[in-house]
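Read through the structure below, which is laid out as C-alpha cells, and then see the notes.
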Amino acid sequence: MKKYLIRIYVTSEEIGIILNDAIDVGMIRLTQSFDGVNGLLAIYDGEVSQTALKVLMSLGVKYFPLNEYGDFVITCPNCGERIDDNMILLEYDENVLSGYNILCNKHDCGTQMADVKFILD
C-alpha cells in the first residue's frame with residue numbers, strides 16, 4: 001500500500017483536535033511538527049495512506065504532498081500554472097511556518113499556498 005508524506009496545516013483549534021485524534025488512532029504517523037506563525041497554529045508532517053488522505057481532504061484539511069508528486073496536480077493559486085519541483089519550499093523558515101509552500105516564479109507570483117489536487121482515485 002502506497003504511503004504519502006504530507007505537510008498538514010493546523011488552521012483552527014477544531015482541525016487540531018481532529019488531527020490529534022487521527023494521530024492517536026494511527027491514521028497519521030507523525031514524523032515532525034512545528035509551531036506556526038502569522039495566524040497558522042501548527043504544521044504537522046506525517047505519513048498517511050491513500051484512504052487517510054481522502055478522509056483528511058473530505059474534512060477540508062489543508063495539506064501539501066512531500067513525496068509522490070506524480071499523484072497530485074500542484075498549481076499556483078494566483079496564475080494557475082503547474083508548479084515545478086524547484087518551486088517547492090522545503091526549508092522550515094518563516095514562509096513555510098506561515099503556511100506558504102511554493103515560490104511561483106512563472107509570473108512573479110511569489111510565495112503562495114499552492115492549490116493541490118489528488119489525482120488518484
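A short reminder: the numbers here are calculations on the coordinates, not readings from a lab. Here the structure is a predicted model, which means the values were calculated and not measured. Virtual Cβ from ideal backbone geometry, glycine too; neighbours counted across all protein chains shown.
Counted by neighbouring Cβ atoms within 10 Å, the residues E13, E81 run from fewest to most as E13, E81. For the range 63-75, 3J(HN,Hα) computed residue by residue from phi via the Karplus equation (6.51, -1.76, 1.60; θ = phi - 60°) reads 8, 9, x, 10, 7, 6, 4, x, 8, 9, 10, 10, 10 Hz, glycine and proline entered as x. If you fit an axis through the alpha-carbon atoms of helix 13-24 and take the longest principal axis of the Cα set of the chain, what angle between them do you get, 0 to 90°, nearest 10? Roughly 60 degrees between the two axes. The average projected area of the range 1-93, computed from the convex hull of its Cα atoms over all directions, is 6.5 nm².
Taking a straight line from the alpha carbon of K62, these lysines sit under 16 Å away, with near neighbours fewer than eight places off in the same chain left out: K54, K117. Summarising the label geometry, the points placed 7 Å from Cα in the beta-carbon direction at Q32 and E81 lie 2.9 nm from one another. Ordered by the count of other Cβ atoms within 10 Å of each Cβ, fewest first, E14, E68, E91 give E91, E14, E68.
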